[in-house]
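Notes follow the structure.
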Amino acid sequence: MSRETLSNTTMSSSRDRLYAEVKSDIEGFLFDSKVAAVFEDMIRRSVPGYGTAVAMTGVIAASYAQDGTNLYDLGCSLGATTASILQYQQAQHCTIIAVDSSQSMIDSCRGAVDSGDAGDIQLVCDDIRDIGITNASVVVLNFTLQFIPVDQRLGLLQKIYAGMVPGGVLILSEKLAFEHQQQQLFTDLHHAFKQANGYSELEISQKRTALENVLVPETLEQHRQRLRQAGFAAVYCWYQCLNFASLIAFKSGSTPDATDDE
Ligand SMILES: C[S@@+](CC[C@H](N)C(=O)[O-])C[C@H]1O[C@@H](n2cnc3c(N)ncnc32)[C@H](O)[C@@H]1O
């Protein structure tokens, strides 16, 4: 699909009640049609700071997008990040390539797309480990790397780095793990955030079980080290809300001289 534009950032979404009833057998979490149908509500009520992270991704992407390059949204789900990139984007002759391995997500995303003239968008249903990354000035992994097996994360980041032009940036948003007592503290606060957003104890507990070994969070330091190992010259954490954070990583030739923000 090409020469299409996301019509708006607001997609209709039903209330997430997927884990509201007792389940005798809790299967591993899947991005299937049931999740796609409630995803917008689910992520907004589950990820503290999600709205800010997505909106700022568009602002940051616009600051580094280069004329005539590709802007990738890897693990695009329903296209919220893609829409944010599109909203702020000013560079000329860019193609936004939004990729997700879930057919249900891509189908719903496509439903929010119509013909327009604000930019070029390609919606691709594929595994981000299998696609080529080329001529990229911006690559976004918003809450997606955490679903890639840990031992395959470096290879993916190396591929992304190799496909980026000088001056390119990677925006990486993830759920974090922490050392020692900070883990319990932030887990409790995340729990409180979900309760405040209307999730019951049962929903929180059953969803946590479903995500075990599916979403594998790592510490900020593990992400920093891996990004440097993949070749990125400078890495900064530009946002954190409880146990969710977003990093920006620069391919050399881009920006600051510093090696990282420690
Ligand atoms: C938490 S959602 C991402 C949210 C989205 N980036 C946003 O800003 O709203 C994770 C997405 O990554 C996708 N995903 C997980 N593993 C993938 C893979 N190996 N290749 C492509 N997409 C993948 C899932 O289907 C899901 O839609």
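The values are calculated or read from the model by the stated rules, or taken from the named source; none is laboratory data. Given the structure is predicted, the values throughout are model-derived calculations rather than measurements. Virtual Cβ from ideal backbone geometry, glycine too; neighbours counted across all protein chains shown.
Here are the numbers:
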| item | result |
| --- | --- |
| Within the stretch 143-173, tally of residues that are under 15 Å from residue 99 (Cβ atoms) and in contact with a Lys or Arg (Cβ under 9 Å, 6 or more places away or on another chain) | 6 |
| Selection from the stretch 173-195 of residues that are more than 16 Å from the ligand (Cβ to nearest atom) and charged (D, E, K, R) | 179, 188 |
| Residue satisfying all of: in the stretch 131-167; assigned to a loop (DSSP other than H, G, I, E, B) and within 13 Å of the ligand (Cβ to nearest atom); farthest from residue 94 (Cα to Cα) among these | 149 |
| Qualifying residue in the stretch 102-121 (condition: under 16 Å from the mean Cα position of the chain (by Cα), crowded, with 22+ Cβ neighbours inside 10 Å and over 24 Å from residue 175 (Cα atoms)) | no |
| Close pairs (6 angstrom Cβ cut-off, 6 or more residues apart or separate chains): farther than 19 Å from residue 144 by Cβ in the stretch 200-225, hydroxyl-bearing (Ser, Thr, Tyr) anywhere | 203/19; 206/19 |
| Residue in the stretch 130-142 that is in contact with a Lys or Arg (Cβ under 9 Å, 6 or more places away or on another chain), over 18 Å from residue 76 (Cβ atoms) and either without any contact (Cβ under 8 Å) to a residue 40 or more places away in the chain or not aromatic (Phe, Trp, Tyr) (or both) present | no |
| Wholly within the stretch 30-126, strands (runs of 3 or more DSSP E) carrying at least 1 residues that are within 14 Å of the ligand (Cβ to nearest atom) and of a type outside the set (Asp, Glu) | 70-74, 95-100, 120-125 |
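Here is a yes/no grid of residues against (1) on the phi > 0 side of the Ramachandran plot; (2) assigned to a helix (DSSP H, G or I); (3) at pLDDT below 95; (4) buried (at least 17 other Cβ atoms within 10 Å of the Cβ):
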residue: 169; (1), (2), (3), (4): no, no, no, yes
residue: 184; (1), (2), (3), (4): no, yes, no, no
residue: 213; (1), (2), (3), (4): yes, no, yes, no
residue: 222; (1), (2), (3), (4): no, yes, no, no
residue: 227; (1), (2), (3), (4): no, yes, no, yes
residue: 249; (1), (2), (3), (4): no, no, no, yes
residue: 253; (1), (2), (3), (4): yes, no, yes, no
residue: 256; (1), (2), (3), (4): no, no, yes, no
